[in-house]
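Worksheet: the structure to be examined is printed underneath.
Bear in mind these aren't lab numbers, they're just calculated from the coordinates by the rules spelled out. Everything quoted here is computed from the prediction, not taken from an experiment. Neighbour counts run over all protein chains shown; Cβ positions are idealised from the backbone, glycine included.
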Amino acid sequence: MNKVELINAVAEKAGMTKVDARKAIDAIMDVTKTELKNGGKIALVGLGTLGCVERPARQGRNPRTGMNINIAAKKVVKFKPAANIMD
């Protein structure tokens, strides 16, 4: 499902216009991005938890040349699904 399909499904399920559904989804995405950039977590009961973790620097290998390379530390988003997500 892409964003347009999600907007259509939310609009139909909630009985709202597609414009209002788009605004709501865009707002949720903006709030989520901001919270994760600030190191916070988003817990959605029945769906799961989004959180930001620090991945440490490490050594990697270029598969084409076989040379060792340094991979910088960075923040990544992790998703932990709820236990009952498929119920």
Task: Check: region 41-87 dipole with +1 on Lys, Arg Cβ and -1 on Asp, Glu Cβ, in debye - done: 300
Task: Gain in span if fully extended, Ile25 to Leu44, counting 0.36 nm per residue against the direct Cα distance - done: 5.4 nm
Task: Restricting the chain to trypsin sites (Lys or Arg not before Pro) in coil, as DSSP defines it, with at most 15 other Cβ within 10 Å - done: Arg64
- [ ] Give me the distance in nm between label points sitting 7 Å out from Cα along the Cα-to-Cβ direction at Thr32 and Met16, one decimal.
- [x] 1.5
- [ ] Only one of the values (1) 65; (2) 43; (3) 31 was calculated from this structure for percent of Cα pairs over 18 Å apart; name its label.
- [x] (1)
- [ ] Within the set of other residues whose C-beta is less than 15 Å from the C-beta of Ala11, count the net charge using Lys and Arg as +1 and Asp and Glu as -1.
- [x] +1
Task: Charge sum, other residues only, whose C-beta stays under 15 Å from Pro81's C-beta, Lys/Arg counted +1 and Asp/Glu -1 - done: +2
Task: Computed lengthening from Glu54 to Asp87, 0.36 nm per intervening residue step minus Cα-Cα distance - done: 8.7 nm
Task: Of Phe79, Pro56, Gly66, farthest towards positive along the dipole that unit charges on Lys, Arg, Asp, Glu beta carbons give region 41-87 - done: Gly66
Task: Burial ordering of Val10, Val77, Val45, fewest other beta-carbon atoms within 10 Å first - done: Val45, Val77, Val10
TODO: Find out how many positive minus negative residues lie around Ala72, taking Lys and Arg as positive, Asp and Glu as negative, among other residues whose Cβ is under 15 Å from that of Ala72.
DONE: +3
Task: Degrees between helix 18-37 axis and first principal axis of the chain (Cα, 0 to 90, nearest 10) - done: 30
